[in-house]
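Visitor: Dropping the structure in here first, questions after.
The values are calculated or read from the model by the stated rules, or taken from the named source; none is laboratory data. What you see is a predicted model, and the numbers here were worked out from it, not measured in a lab. As a convention, Cβ positions derive from the backbone with ideal geometry for all residues, glycine included, and neighbour counts pool all protein chains shown. Note: areas computed on protein heavy atoms with side chains; ligands, DNA, RNA excluded. Shrake-Rupley method; radii C 1.70, N 1.55, O 1.52, S 1.80 Å.
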Amino acid sequence: MAKKIILFLSEFRQDAWEKEYVCPGDLRVTGRQTNEAPVKFLLRQQPDISEILCIVTPKAFETAWQKFSDEIQAAAPQVKLVQIPFADGADFTAGPLADIMQRVRQGDEIYLETTGGFRNAVMHLLLLSRILSYKGIRTAGAVYSNFAEGEIQDASHLISLLD
């Protein structure tokens with residue numbers, strides 16, 4: 001059984017600053033880019049996560065991929081980062097969904113980082129979660145970075161509403 005994180009990589013804003021977040025269990029993590037802090041939290045909570053599947057638009061690749069990769073590799077060098085290309089407006093099911101389906105196996109567990117990406121990214125992640133459940137892959141958790149509150153919030157209960 002492998003544990004993996006799936007996320008939409010956010011574009012990097014040049015005016016972003018390092019921010020500390022309070023996490024469940026009163027842990028604290030920092031991040032500059034939208035996805036960093038929630039991923040660091042998941043890696044602390046689940047140190048046996050082996051892979052992060054990042055759905056990446058061309059703009060996110062250009063502005064954020066290297067910064068995100070460097071930050072996560074510094075925090076967890078054993079974790080493999082995988083880039084899954086996705087152009088805005090492209091067919092999600094023929095692109096990232098099909099790619100992710102080939103990278104997961106029955107018995108795997110996935111964790112969703114739901115902060116990043118464009119507005120409908122969460123809908124794509126929910127769709128992915130449901131389809132993977134039919135393949136015997138459990139969504140073990142989901143998190144969200146609440147910038148305004150400075151908190152990493154557990155969103156797992158929202159996923160379980162669909163069970």
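Visitor: Just to check, using Stokes-Einstein with a Kirkwood Rh over alpha carbon pairs, what's the diffusion coefficient of the range 1-61 at 37 °C and 0.692 mPa s in µm²/s? Spell out each step's value before the answer.
Guide: Values: Rh = 12.6 Å.
After rounding, the answer is 260 µm²/s.
Visitor: Enumerate the lysines that residue 67 could reach by cross-link, defined here as Cα to Cα under 21 Å, with residues fewer than 8 away along the same chain left out.
Guide: Partners found: 4, 19, 40, 59, 80.
Visitor: Based on the Cα gyration tensor of the range 43-136, what are the three equivalent ellipsoid semi-axes, each the root of five times an eigenvalue, rounded to whole Å and given largest first?
Guide: Computed over the range 43-136, the values are 20, 19, 11 Å.
Visitor: A follow-up question, please. Just want to confirm a number: the relative contact order over the chain, from Cα pairs under 8 angstrom separated by 6+ residues, in percent. Before the final figure, lay out each step's value.
Guide: Numbers: 292 pairs, mean separation 47.2, N = 163.
Contact order relative to length: 29 percent.
Visitor: Between residue 93 and residue 158, what FRET efficiency follows from the Cβ-Cβ distance if R0 is 25 Å, with the result rounded to 0.05?
Guide: 0.70
Visitor: Along the Cα→Cβ direction, 7 angstrom out, place labels at residue 73 and residue 105. What is the inter-label distance in nm?
Guide: 2.6 nm
Visitor: Another question about this same structure. Let me spell out the model: positive unit charges on the Cβ of Lys and Arg, negative unit charges on the Cβ of Asp and Glu, origin at the Cα centre of the chain. What dipole size does that give, in debye rounded to 20?
Guide: Values: 17 positive and 21 negative charges, 75 e Å.
Computed charge dipole of the chain: roughly 360 debye.
Visitor: Turning to a different aspect of this structure: Whole number please: convex hull volume per residue of the Cα set in the range 84-163, in Å³?
Guide: Working: hull volume 7.9 nm³, N = 80.
Per-residue hull volume (Cα only) is 98 Å³.
Visitor: Turning to a different aspect of this structure: Identify the trypsin sites (Lys or Arg not before Pro) of the range 71-141 meeting these criteria: DSSP loop state and at most 13 other C-beta atoms within 10 Å of the C-beta.
Guide: Values: sites: 80, 103, 105, 119, 130, 135, 138; in loops: 105, 119, 135.
When the trypsin sites (Lys or Arg not before Pro) of the range 71-141 are filtered for loop state and at most 13 Cβ neighbours within 10 Å, 105, 119, 135 remain.
Visitor: Sticking with this one: In Å², and per residue, what accessible area does the range 1-40 have when probed at 1.4 Å with the other protein chains present?
Guide: 47 Å²
Visitor: Still on this model: Could you check the spin-label model distance between residue 44 and residue 148? Points 7 Å from the Cα along Cα→Cβ, value in nm.
Guide: 2.4 nm
Visitor: Right, something else. Share of the chain's accessible area from carbon and sulfur, percent, 1.4 Å? Before the final figure, lay out the partial values.
Guide: Numbers: 4210 of 8170 Å².
Heavy-atom surface of the chain belonging to carbon and sulfur, 1.4 Å probe: 52 percent.
Visitor: Then there is this: Using a Förster distance of 35 Å, how high is the FRET efficiency between residue 62 and residue 17, based on the Cβ-Cβ distance and rounded to 0.05? Kindly include the intermediate steps, with their values, before the conclusion.
Guide: Details: r = 21 Å, r/R0 = 0.59.
Rounded to the nearest 0.05, the efficiency is 0.95.
Visitor: Ok, one more. Considering the Cα positions of the chain, please state its Rg to one decimal place and its Dmax as a whole number of Å.
Guide: Cα radius of gyration and Dmax of the chain are 14.6, 42 Å respectively.
Visitor: In the chain, with Lys and Arg counted as +1 and Asp and Glu as -1 at Cβ, which of these residues, 159, 22, 33, has the Cα nearest the positive end of the dipole, that is, farthest along it?
Guide: 159
Visitor: List the aspartates and glutamates whose Cα lies under 12 Å from the Cα of residue 135, skipping any in the same chain that are fewer than 8 positions away.
Guide: Partners within reach: 108, 109.
Visitor: Which order do peptides 56-64, 146-154 fall in by mean Cβ count within 10 Å, highest first? Let's see the in-between values first.
Guide: On the way: 56-64: 18.9, 146-154: 14.4.
By packing density, highest mean first, the sequence is 56-64, 146-154.
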